[in-house]
Number of protein chains: 2
Amino acid sequence: MSAIDDLTTELARLPGIGRKTAQRLTYHLLKQPADQSRRLAQALVTLVDTVRTCTRCFNLTEAPLCNLCTDVRRDGTLLCVVEDAADIAAIERAGAFRGRYHVLGGRLSPLDGVGPDDLTVGALLGRIPEDEVTEVILATNPSLEGEATALFIQRQLSPLGVRVTRIARGLPVGGDLEYADGVTIAQALQARRDM
Amino acid sequence: MSAIDDLTTELARLPGIGRKTAQRLTYHLLKQPADQSRRLAQALVTLVDTVRTCTRCFNLTEAPLCNLCTDVRRDGTLLCVVEDAADIAAIERAGAFRGRYHVLGGRLSPLDGVGPDDLTVGALLGRIPEDEVTEVILATNPSLEGEATALFIQRQLSPLGVRVTRIARGLPVGGDLEYADGVTIAQALQARRDM
């Protein structure tokens with residue numbers, strides 16, 4: 001049946017959703033009230049129609065500037081650089097940061113053909129004098145590519161005389177030393193602090 | 001942002017998709033080309049608009065009768081009873097059955113408030129004389145509820161004098177005895193056959 005196959009194919013394109021899960025979801029979407037499935041489709045259309053990237057920080061927004069850039073209580077001299085807008089949501093949930101953000105739109109990944117020009121590094125450099133930024137916190141992921149991206153940006157920023165910091169790596173709170181990987185334990189030991 | 005929250009909420013209603021996965025999917029749907037996301041939404045709308053249940057066997061179809069009911073090469077005297085239309089797809093992939101089907105639309109589940117009247121048992125009973133059915137294969141799931149449903153239907157069918165069989169339970173092909181659960185092993189031993 002083409003309609004079932006079509007939706008299954010589209011769903012299977014999503015990350016983390018294989019052919020079998022896509023099929024299961026399709027049958028679920030058929031089984032539930034049609035209105036419910038229509039609401040999902042409408043929410044998706046509304047999403048792509050209304051959500052854009054902030055012209056300053058490249059966060060997701062429905063207005064030209066995102067609500068973090070327009071929030072005057074935010075400290076604009078402190079800039080947290082993340083790979084994706086989803087990372088902002090994670091940091092905001094933690095509620096421990098009151099500065100502003102800059103979304104790179106990815107990480108350097110030569111194998112995937114992602115170079116410096118594919119990221120918003122140029123815009124970031126421009127914001128340093130413009131927003132009178134005093135510290136840039138590099139919060140790219142603690143992965144190989146995230147580290148390489150942080151190192152690259154640190155080098156680009158160094159001529160500007162701004163303080164550049166990197167988020168700490170270590171054992172996750174609530175984690176178990178027994179199950180932590182060796183690299184994390186090594187980082188946690190190396191970054192140990194006096195108590 | 002409402003559009004992001006809306007879609008995340010709708011996605012999180014799907015089975016097996018929690019809040020975090022829904023959020024990850026939403027960001028992915030924003031990141032990919034808008035046309036791709038629109039195609040997904042359109043496929044979903046087309047699905048609920050065009051797919052109906054077969055008036056005879058309750059399989060999913062875009063026509064009044066499904067392609068299995070209209071296929072004259074199928075043996076109409078052999079009827080395979082399944083819980084959901086998705087089960088038909090699984091059996092058809094196996095390619096080992098040439099009869100017709102009957103979809104119950106679920107299984108008996110008193111805790112969820114699903115009784116005999118919520119299933120298509122009445123229509124099944126009507127098909128036995130109408131289609132001159134000689135054997136009904138009960139292919140409900142080998143779960144507690146699936147077994148109870150099979151037993152219930154077997155009792156309903158017995159006055160009609162039709163042969164009623166149940167799909168075999170045993171060790172899955174390619175499975176490992178070491179990791180099989182006790183109930184399956186017990187069933188496999190009990191249903192052993194001469195070689």
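Figure legend. Inter-residue proximity from segment A:155-166: first residues on the phi < 0 side of the Ramachandran plot and surrounded by 12 or more Cβ atoms within 10 Å (Cβ to Cβ), second residues assigned to a helix (DSSP H, G or I) and of a type outside the set (A, V, I, L, M, F, W, C), beta-carbon distance below 6 Å, spacing 6+ or different chains. Indicated pairs: A:V164/A:Q154. The residue of segment A:134-150 that is most open to solvent (accessible area, probe 1.4 Å), among those that are within 16 Å of A:A168 (Cβ to Cβ) and not small (G, A, S), is A:P142. Taking every residue in segment A:1-23 that is within 8 Å of another protein chain (Cβ to nearest Cβ) and pairing it with any residue that is of a type in the set (V, I, T) and open to solvent by 40 Å² or more (accessible area, probe 1.4 Å), at least 6 positions away or on another chain, the pairs with Cβ-Cβ distances below 6 Å are A:A3/B:T46; A:A3/B:T50.
Looking across B:D117, B:D131, one residue alone is modelled with pLDDT of 80 or more, open to solvent by 60 Å² or more (accessible area, probe 1.4 Å) and either touching a Pro at 6+ places or on another chain (Cβ under 6 Å) or closer than 20 Å to B:V81 by Cβ (or both). It is B:D117. In a residue-by-residue description of segment B:49-56, the property of being assigned to a helix (DSSP H, G or I) and facing chain A (nearest Cβ under 7 Å) applies to at least one position. The residues in segment B:90-114 that are within 18 Å of B:D71 (Cβ to Cβ), open to solvent by 30 Å² or more (accessible area, probe 1.4 Å) and in contact with a strand residue (DSSP E or B) (Cβ under 8 Å, 6 or more places away or on another chain) can be counted, and the count is 3.
Cβ-Cβ distances below 9 Å connect the following pairs, each with a first residue in segment B:46-62 that is farther than 14 Å from A:P33 by Cβ, a second residue that is assigned to a helix (DSSP H, G or I) and of a type in the set (F, W, Y), and a separation of six or more residues or different chains: B:L60/A:Y27.
Of the set (1) under 12 Å from B:H102 (Cβ atoms); (2) touching a strand residue (DSSP E or B) at 6+ places or on another chain (Cβ under 8 Å); (3) not β-branched (V, I, T), all apply to B:L125 but (2). Among the residues of segment A:1-47, those that are of a type in the set (V, I, T) and in contact with a Leu (Cβ under 7 Å, 6 or more places away or on another chain) comprise A:I4, A:I17, A:T26.
Yes/no matrix, rows are residues, columns are (1) outside any helix (DSSP H, G or I); (2) within 18 Å of B:I167 (Cα to Cα); (3) among the hydrophobic types (A, V, I, L, M, F, W, C):
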residue	(1), (2), (3)
B:R107	yes, yes, no
B:L111	no, no, yes
B:D117	no, no, no
B:G122	no, no, no
B:L125	no, no, yes
B:E132	yes, no, no
B:I137	yes, yes, yes
B:N141	yes, yes, no
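Only residues that are closer than 17 Å to B:Q32 by Cα and touching a residue at least 40 places away in the same chain (Cβ under 8 Å) were counted across segment A:88-119, and they come to 4.
Here B:L65 meets the list (1) open to solvent by 20 Å² or more (accessible area, probe 1.4 Å); (2) within 8 Å of another protein chain (Cβ to nearest Cβ); (3) of a type outside the set (F, W, Y) almost entirely, failing just condition (2). Restricting B:L65, B:L79 to residues that are assigned to a strand (DSSP E or B) and closer than 21 Å to B:G105 by Cα narrows the list to B:L79.
Checking A:D71, A:D87 one by one, the residue that is out of contact with any strand residue (DSSP E or B) (no Cβ under 6 Å at 6 or more places or on another chain), away from every other protein chain (no Cβ under 13 Å) and open to solvent by less than 60 Å² (accessible area, probe 1.4 Å) is A:D71 and no other. Summed over segment A:148-171, residues that are assigned to a loop (DSSP other than H, G, I, E, B), of a type outside the set (G, A, S), more than 14 Å from A:V81 (Cβ to Cβ) and more than 19 Å from the chain's Cα centre (by Cα) total 1.
The values are calculated or read from the model by the stated rules, or taken from the named source; none is laboratory data. Nothing here was measured: the structure is a model prediction, and the numbers come from that model. Don't worry about glycine lacking a Cβ; one is built from the backbone with ideal geometry, like all the others, and counts go over all protein chains shown. The protein model used for the area step is the full one, side chains on, heavy atoms only, and it has no ligands, DNA or RNA in it. Shrake-Rupley method; radii C 1.70, N 1.55, O 1.52, S 1.80 Å.
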